[in-house]
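What follows is calculated from the coordinates using simple rules that are stated; it is not laboratory data. Just so it is clear, the structure is predicted and the values come from calculations on it, not from any experiment. Cβ placement follows ideal geometry from the backbone for every residue including glycine, while neighbour counts extend to all protein chains displayed.
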Amino acid sequence: MRFHLVDRIDTIEPWARVEAVKRTSSSESYWSTTAFGSLMPLSIQLEVLAQSLAWLIYLSTDRRQRAVLLSVGAMTTRSAIVPGDDVVASVEILSRGDTIVAGGRLLVGESVVFEVDDLMCGLVDADMLEDAASVRMREELLRSGVRS
């Protein structure tokens, strides 16, 4: 099962930064039910940032390499993400070499709701992880803003 959490890529600066959007809906299966209502779990919030970084790396390498998450630094949550929120993932590469280190944050409107320091990942050949044609189709959808 593929679990795509990036619905659209708005901005990409190769080897620098990406802004991507996750449009949430109550029909998605990952919501945690709490006394305060349905909330997006922190693990899913982290995954939105990780997938955004993965797209930044994939497109920066001319589709030759994919990111493999190695470690995560400090995480800070500031407020909840609820069904119906449009979540903007903003990820910036802090250093690159044998590994890539990035930082990221999720915003709802103008408010930062989640931040992560030091997302560290390694690089592997893109064709080791997924069929190139299916990734290319997904990329076209992300750039067009059509939700799959």
Fill in: Residue tally, condition crowded, with 16+ Cβ neighbours inside 10 Å and small (Gly, Ala, Ser), over region 75-98
3
Response to the item:
Listed by first then second residue, the pairs whose first member lies in region 131-142 and is farther than 12 Å from residue 8 by Cβ, whose partner is surrounded by 10 or more Cβ atoms within 10 Å (Cβ to Cβ) and small (Gly, Ala, Ser), with beta carbons under 8 Å and at least 6 positions apart or on separate chains, are 132/126; 135/126
Discussion item. Which count do you get for residues in region 60-79 that are touching a residue at least 40 places away in the same chain (Cβ under 8 Å), in a loop (DSSP other than H, G, I, E, B) and over 23 Å from residue 10 (Cα atoms)?
Written reply: 2
Practice prompt. Mind counting the residues in region 108-148 that are in contact with a strand residue (DSSP E or B) (Cβ under 8 Å, 6 or more places away or on another chain), in a helix (DSSP H, G or I) and over 25 Å from residue 40 (Cβ atoms)?
Written response: 2
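Output the residue which, of all residues in region 65-74 that are surrounded by 14 or more Cβ atoms within 10 Å (Cβ to Cβ) and not β-branched (Val, Ile, Thr), is farthest from residue 43 (Cα to Cα).
Our first condition is that a residue be surrounded by 14 or more Cβ atoms within 10 Å (Cβ to Cβ); within region 65-74, this holds for 65-69, 72.
Filter once more, keeping what is not β-branched (Val, Ile, Thr): 65-67, 69.
On the way: 65: 24, 66: 20, 67: 18, 69: 13 Å.
If we take residues in region 65-74 being surrounded by 14 or more Cβ atoms within 10 Å (Cβ to Cβ) and not β-branched (Val, Ile, Thr), then 65 is farthest from residue 43 (Cα to Cα).
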Worksheet item: If you take the residues of region 75-98 that are of a type in the set (D, E, K, R) and under 17 Å from residue 42 (Cβ atoms), which of them is farthest from the chain's Cα centre (by Cα)?
Response: 78
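When you scan region 51-59, do you find a residue that is in a strand (DSSP E or B) and among the aromatic types (Phe, Trp, Tyr), even just one?
We begin by selecting, within region 51-59, every residue in a strand (DSSP E or B); these are none.
Scanning region 51-59, I find no residue that is in a strand (DSSP E or B) and among the aromatic types (Phe, Trp, Tyr), so the answer is no.
Every residue, every condition in (1) of a type in the set (Ser, Thr, Tyr); (2) farther than 16 Å from residue 5 by Cα, yes or no:
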| residue | (1), (2) |
| --- | --- |
| 44 | no, no |
| 74 | no, yes |
| 83 | no, no |
| 88 | no, no |
| 95 | yes, yes |
| 107 | no, no |
| 134 | yes, no |
